[in-house]
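Chemist: There's a structure below that I have some questions on.
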């Protein structure tokens with residue numbers, strides 16, 4: 001199309017993209033939040049009076065100045081999360097006051113004049129400290145926010161009779177999703193309507209939440225998602241700052257926006273992961289897995305929210321790709337003095353894959369088995385699908401052996417093992433290690449969010465409009481979905497355009513998260529296009545006075561089975577009126593899978609890790625656009641590399657994250673850190689939709705980290721690699737090697 | 001202070017506070033929002049523009065430092081005939097962007113270096129200067145290499161020195 005591979009490309013490459021911060025609205029006010037510099041404490045004072053005197057400041061408010069400001073939705077009444085701190089600070093950066101200015105500079109001038117006083121309390125930032133309940137985030141209430149389990153408790157006898165039992169502890173560190181565009185919201189009141197622009201994954205959910213918070217009908221709010229600079233799970237909720245901005249826009253009758261900056265994001269954007277884990281894995285002498293037990297203590301941040309339940313995803317996925325007959329996972333979610341954890345690319349599945357795959361390598365060493373062979377003996381065979389796991393999932397389809405074999409072949413596994421042996425015999429050579437990781441992903445969503453609005457409409461000018469409730473934050477929807485609809489209808493892709501991300505343009509929608517867009521929206525659009533064809537044939541049959549069976553569809557037109565007449569969509573619409581399909585499409589969740597492998601070289605004296613090769617074999621069923629899927633797979637692997645080696649949120653004794661240096665402290669991978677990465681694919685369509693697409697794009701975060709950590713453990717020949725906890729900084733590796 | 005920013009050959013007479021950073025002046029005062037702010041501390045490079053032909057982080061430079069100095073932003077990459085710059089074509093062809101937020105910074109970083117032959121190492125140095133969270137960088141490396149080759153092989157009749 002005009003020499004651009006994607007429809008998104010021209011505007012994004014010419015500076016014509018429109019992200020929320022790029023929108024120009026007259027008389028718009030910029031919001032700046034005054035934030036707590038302590039992790040936990042009692043707010044004694046938040047005095048905005050001096051701020052109000054600052055030139056260019058339109059107003060400044062603390063919670064006391066806005067008594068009707070609603071709290072965050074979806075919380076517990078006893079543990080309410082106020083949009084501005086009322087009396088107790090529970091995480092660093094929590095908003096104490098807001099200043100609106102005619103530009104960001106003046107608002108920041110005002111924020112600097114807000115006087116605040118907080119009496120600090122001891123802060124808890126680890127699950128273990130939190131569990132002790134000696135410091136409570138909510139007086140009189142335990143810090144335990146949720147207990148859950150998947151599977152059934154395993155008899156002691158199983159462990160006693162097993163030939164080998166491996167026990168280990170792991171940490172899934174807190175991560176910052178870090179899209180290049182931080183969070184944004186722009187609220188524009190007008191008449192009895194409020195238009196909300198936000199870089200967001202779920203515009204209809206945002207509209208629903210805001211309508212509830214502002215106590216007004218949903219129809220009075222329009223949410224529009226313009227270009228969005230990445231999300232990775234972190235932009236699908238309503239946040240305290242959003243509530244304040246929407247509230248003030250309505251109160252003042254003026255446009256107000258909040259454009260989060262990176263400094264704020266590092267403090268108060270949602271975090272991913274955050275689990276302390278204990279595992280037990282039992283096998284017989286031949287390496288057949290007998291039982292697996294996973295105990296999760298999750299540090300979920302300061303307030304009960306959706307993230308509190310997310311460790312259950314880890315519990316449900318604990319079985320992984322193996323036929324282990326007994327699996328039991330327990331979860332405790334514990335409140336800590338940090339911003340909440342929330343879905344981040346992978347969301348619960350990386351935390352399930354990592355402990356199991358690391359323990360598989362320990363088990364292989366214990367049994368004297370090759371780690372690839374140990375996995376082969378236990379992978380769920382293709383004929384066993386649908387496979388019901390002991391932790392309650394029913395996997396739709398898979399060929400794990402094929403994925404593993406392809407990964408090993410692509411890697412040149414035997415060659416690397418020979419090189420490893422050669423180096424082990426050479427005292428001057430740096431050791432190398434090979435790490436494997438087999439995973440199962442879950443895509444589409446959970447019960448209750450497995451549906452989506454989809455629609456296809458034929459215009460009288462020959463164009464076709466596709467509509468769906470998804471919202472792209474870089475996933476190429478505007479290119480991929482029209483191509484799918486065009487293929488289904490047999491028309492030129494250029495004739496099809498996509499409408500999404502605007503609640504005024506769509507009867508409903510769920511959004512884009514959990515790798516659901518291709519799987520649910522894609523299958524739905526294909527379904528809707530099929531319904532449109534049926535309707536077109538029925539209309540044509542009536543016009544031609546034929547039974548509908550004597551019509552057929554090809555190349556975007558209805559044909560009588562006998563004869564040569566044909567009627568295209570535009571003519572049909574002109575003669576029979578508007579032709580539009582609107583559907584609520586629902587499908588079951590699916591289970592993408594794959595095998596990742598990594599080779600690393602370690603300098604034990606410096607603790608440095610050089611990744612020599614990564615191979616990722618992913619199976620997402622039918623890939624709607626294989627190049628788009630590969631692009632996301634590659635980027636996802638690099639984020640996985642970030643978790644394995646670089647990214648983390650360390651805390652000081654005062655409970656403050658040690659990230660004062662911003663992105664100089666939170667180390668996102670740069671090109672300097674990118675190893676040779678090879679992608680491989682197998683294709684096992686999901687039988688749960690006619691389209692056969694499973695979710696894609698999260699698997700690098702799921703499969704890659706344990707492959708890399710296993711490779712480092714293998715290089716160092718660690719019998720019990722508990723000291724290797726991510727991120728594998730030189731310090732961590734050096735200590736483990738010592 | 002009264003200054004004139006000369007951006008993409010157009011003059012923007014402005015009244016700015018001395019503290020105003022170039023990125024904000026470009027985005028808010030000149031209305032050129034193609035330059036994005038990703039970290040405001042000079043790490044991510046999303047705000048990279050060319051000042052007097054040199055790639056700079058526009059979040060770390062003050063607008064008043066650029067009075068009368070030629071500036072080029074992503075909006076000025078497309079040729080006067082409306083033809084896309086080879087870098088723009090190459091980024092699309094190599095899938096060097098997904099969400100596109102960091103893209104203008106990478107484009108301008110590369111545009112500033114494309115006036116001489118780029119070795120593989122020089123391309124790598126360019127790519128490792130900025131952050132991207134979507135692509136994993138390799139497609140960006142390919143895109144810059146592709147544009148550089150087009151430039152070196154003289155297939156790039158439209159390319160101007162910037």
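Chemist: May I ask for the distance between the Cα centers of the range A:46-79 and the range A:151-175, given as a whole number of Å?
Modeler: When both Cα centres are located, 48 Å separates them.
Chemist: Would you mind putting A:394-405, A:508-519, A:70-81 in packing order, based on average other-beta-carbon counts within 10 Å, highest first? Write out the running numbers ahead of the final one.
Modeler: On the way: A:394-405: 21.3, A:508-519: 27.2, A:70-81: 14.9.
Averaged packing, sorted descending, gives the order A:508-519, A:394-405, A:70-81.
Chemist: Pull out a ≥ b ≥ c, the square roots of the eigenvalues of the alpha-carbon gyration tensor of the range A:321-442, then state rounded if a/c is under 1.5, prolate if not and a/b is larger than b/c, and oblate in the remaining case. Kindly include the intermediate steps, with their values, before the conclusion.
Modeler: Numbers: a/c = 2.22, a/b = 1.38, b/c = 1.60.
Here the range A:321-442 falls in the oblate category.
Chemist: Please work out whether chain A counts as rounded, prolate or oblate from its C-alpha gyration tensor, where a ≥ b ≥ c are the square roots of the eigenvalues and a/c under 1.5 means rounded, while otherwise a/b larger than b/c means prolate and anything else oblate? Display every interim value, and only then the final one.
Modeler: Details: a/c = 1.84, a/b = 1.07, b/c = 1.73.
Because a/c hits 1.5 or more and a/b fails to exceed b/c, chain A counts as oblate.
Chemist: Would you give the gap between the C-alpha center of the range A:475-496 and the C-alpha center of the range A:422-445, rounded to a whole Å?
Modeler: 40
Chemist: Quick one: length gained pulling residue A:119 to residue A:610 fully straight, 0.36 nm per residue minus the C-alpha distance? Kindly include the intermediate steps, with their values, before the conclusion.
Modeler: Details: separation 491, 0.36 × 491 = 176.76 nm, distance 4.61 nm.
Extending this stretch completely gives an extra 172.1 nm.
Chemist: While we're here: Cut-off is 10 Å between beta-carbons; in what order do A:698, A:549 appear when sorted fewest neighbours first?
Modeler: Values: A:698 30, A:549 9.
Ordered by Cβ neighbours within 10 Å, fewest first: A:549, A:698.
Chemist: While we're here: Taking one equal scatterer on every alpha-carbon of the range A:685-738, how large is log10 of I(q)/I(0) by Debye at q = 0.30 1/Å?
Modeler: With no solvent term, the Cα-only Debye profile gives -1.15.
Chemist: Does chain B come out rounded, prolate or oblate by the C-alpha gyration tensor, with a ≥ b ≥ c the root eigenvalues, rounded set by a/c under 1.5 and, if not, prolate when a/b is larger than b/c and oblate if not? Spell out each step's value before the answer.
Modeler: Values: a/c = 2.05, a/b = 1.50, b/c = 1.37.
Prolate, because a/c is 1.5 or more and a/b exceeds b/c.
Chemist: If you find the alpha carbon centre of the range A:555-596 and of the range A:110-130, how far apart are they in angstrom?
Modeler: First find each Cα centre; the distance between them is then 57 Å.
Chemist: Further question: Please build a GNM for chain B, connecting alpha carbons under 10 Å apart, and tell me which residue among B:35, B:48, B:78 fluctuates the most.
Modeler: Largest GNM mean-square fluctuation: B:78.
Chemist: Right, another one. Using square roots of five times the C-alpha gyration tensor eigenvalues, list the equivalent-ellipsoid semi-axes of the range B:2-76 in whole Å, biggest first.
Modeler: On the way: eigenvalues 56, 35, 23 Å².
Those come to 17, 13, 11 Å.
Chemist: Let me have the relative contact order for the range B:86-152, percent, based on Cα pairs under 8 Å that are six or more residues apart.
Modeler: Numbers: 66 pairs, mean separation 36.3, N = 67.
Once divided by the residue count of the range B:86-152, the mean separation gives 54 percent.
Chemist: Which of A:441, A:108, B:54 has the fewest other C-beta atoms within 10 Å, and how do the rest follow up to the most?
Modeler: Values: A:441 29, A:108 17, B:54 10.
The order, fewest Cβ neighbours first, is B:54, A:108, A:441.
Chemist: If one computes P(r) from the Cα atoms of the range A:152-245, what percent of pairs lie at distances over 16 Å?
Modeler: When all Cα pairs of the range A:152-245 are counted, 65 percent exceed 16 Å.
Chemist: Let me ask you something else. Could you identify which residue out of B:104, B:18, B:70 has the top mean-square fluctuation in a GNM of chain B using Cα springs shorter than 10 Å?
Modeler: Of the options given, B:18 has the highest mean-square fluctuation.
Chemist: For peptide B:26-32, how many partner chain Cβ atoms fall within 10 Å of a residue's Cβ, on average? Please report the intermediate quantities before stating the final value.
Modeler: Values: counts 0, 3, 5, 0, 0, 2, 2.
Rounded to a whole number, the mean comes out at 2.
Chemist: Let me ask you something else. Give or take rounding to whole Å, what are the principal axis extents of the alpha carbon atoms in the range A:461-551, in descending order?
Modeler: Taking the Cα atoms of the range A:461-551, the three principal extents are 47, 24, 24 Å.
Chemist: Using only the alpha-carbon atoms, how far is helix B:138-152 inclined from the longest principal axis of chain B? Give it as 0 to 90 degrees, nearest 10.
Modeler: 90
Chemist: Could you please rank A:53, A:37, A:129, A:678, placing first whichever residue has the fewest other Cβ atoms within 10 Å of its Cβ? Can you show the working numbers first?
Modeler: Values: A:53 10, A:37 16, A:129 19, A:678 13.
By the 10 Å Cβ count, ascending, the order reads A:53, A:678, A:37, A:129.
Chemist: Given the range A:205-310, report the % of alpha carbon pairs whose separation exceeds 22 Å. Don't skip to the answer; put the middle values down first.
Modeler: Working: 2927 of 5565 pairs.
For the range A:205-310, the fraction of Cα-Cα distances above 22 Å is 53 percent.
Chemist: I need to check one value: relative contact order of chain A, counting alpha carbon pairs closer than 8 Å and at least 6 residues apart, in percent.
Modeler: On the way: 1857 pairs, mean separation 107.2, N = 738.
With pairs under 8 Å counted, the relative contact order is 15 percent.
Chemist: Can I ask one more? I'd like the antiparallel share, as a percent to the nearest 5, of DSSP beta bridges with both residues in the range B:2-76.
Modeler: On the way: 13 of 15 bridges.
Bridges in the range B:2-76 are about 85 percent antiparallel.
Just so you know, all these numbers are worked out from the coordinates, no wet-lab data involved. Quantities reported herein were computed from a predicted structural model and do not represent experimental measurements. All Cβ positions, glycine included, derive from the backbone under ideal geometry; neighbour counts span all protein chains shown.
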